[in-house]
1. Restricting to the range 49-73, and then to whatever is among the aliphatic types (A, V, I, L, M) and surrounded by 13 or more Cβ atoms within 10 Å (Cβ to Cβ), can you tell me which residue is nearest to the chain's Cα centre (by Cα)?
2. Restricting attention to the range 97-127, and to residues there that are in contact (Cβ under 8 Å) with a residue 40 or more places away in the chain and β-branched (Val, Ile, Thr), which single residue is surrounded by the most Cβ atoms within 10 Å (Cβ to Cβ)?
3. If we keep just the residues of the range 25-48 that are part of a loop (DSSP other than H, G, I, E, B) and not acidic (Asp, Glu), which is most open to solvent (accessible area, probe 1.4 Å)?
4. Could you list all residues from the range 1-20 that are open to solvent by less than 90 Å² (accessible area, probe 1.4 Å), in a strand (DSSP E or B) and not small (Gly, Ala, Ser)?
5. On the phi > 0 side of the Ramachandran plot and not acidic (Asp, Glu), is that true of residue 61?
Amino acid sequence: HSSAITYNDDGSYFVTTVEIISSSRATAQTVSGIKNVHLYNSSDELVWTHTIIGTFTLVKGVSVQCTNSTYSSAIYDDSWSLTAHDNYYSGNIAYGTATYKKKVLFITTNTYDVNAGLKCDVNGNFS
């Protein structure tokens, strides 16, 4: 489990976390992980969370291949909405992109793009 923080000009900030959601001790296995991108406003309130879910076929110490990439979204501030999203995978990385927009009185006042990848190495470590 790891995390990173990125600050925006308006005082809001992103917290990105990585977690393993399934694993085993078998040599050849299917493993899954998630990368969460959380947006917090300048008052430290959670605004939304975009989650990339990656599934990988792993032969420990030998090879790893991403086989699926999906997403989930949770919005905690009604002025924000998810307006676009895409998921794809290549090699050992599950990718996710998304666009979130904030509207006040039908006018878009803020837009943030998510562009993140969940990587699994041959030892089953996620980043």
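1. We begin by selecting, within the range 49-73, every residue among the aliphatic types (A, V, I, L, M); these are 52-53, 58-59, 62, 64.
Then keep just the ones that are surrounded by 13 or more Cβ atoms within 10 Å (Cβ to Cβ); that gives 52-53, 58-59, 64.
Details: 52: 4, 53: 7, 58: 20, 59: 24, 64: 19 Å.
Of everything passing the filter in the range 49-73, 52 is nearest to the chain's Cα centre (by Cα).
2. Taking the range 97-127 and keeping what is in contact (Cβ under 8 Å) with a residue 40 or more places away in the chain, we get 98, 100, 110, 112, 114, 116-118, 120-124, 126-127.
Right, trim to β-branched (Val, Ile, Thr) and you get 114, 122.
Working: 114: 23, 122: 13.
Looking at the filtered set, the residue picked out is 114.
3. Looking only at the range 25-48, we keep the residues that are part of a loop (DSSP other than H, G, I, E, B), and these are 25-27, 41-45.
If we keep only those that are not acidic (Asp, Glu) too, we end up with 25-27, 41-43.
On the way: 25: 234, 26: 46, 27: 93, 41: 38, 42: 81, 43: 79 Å².
That would be 25.
4. Filtering the range 1-20 down to residues open to solvent by less than 90 Å² (accessible area, probe 1.4 Å) leaves 2-4, 6, 8, 10-19.
Then drop every residue that is not in a strand (DSSP E or B), which leaves 2-4, 6, 13-19.
Listed by number, the residues that qualify are 6, 13, 14, 15, 16, 17, 18, 19.
5. Details: on the phi > 0 side of the Ramachandran plot: yes; not acidic (Asp, Glu): yes.
When the stated conditions are applied, residue 61 passes them.
The values are calculated or read from the model by the stated rules, or taken from the named source; none is laboratory data. Please read these numbers as outputs of a predicted model, since none were measured by experiment. Cβ atoms come from the backbone with ideal geometry, glycine included; neighbour counts cover every protein chain shown. Ligands, DNA and RNA are stripped out before the accessible areas are found, and what is left, the full protein with its side chains, is counted by its heavy atoms. Shrake-Rupley method; radii C 1.70, N 1.55, O 1.52, S 1.80 Å.
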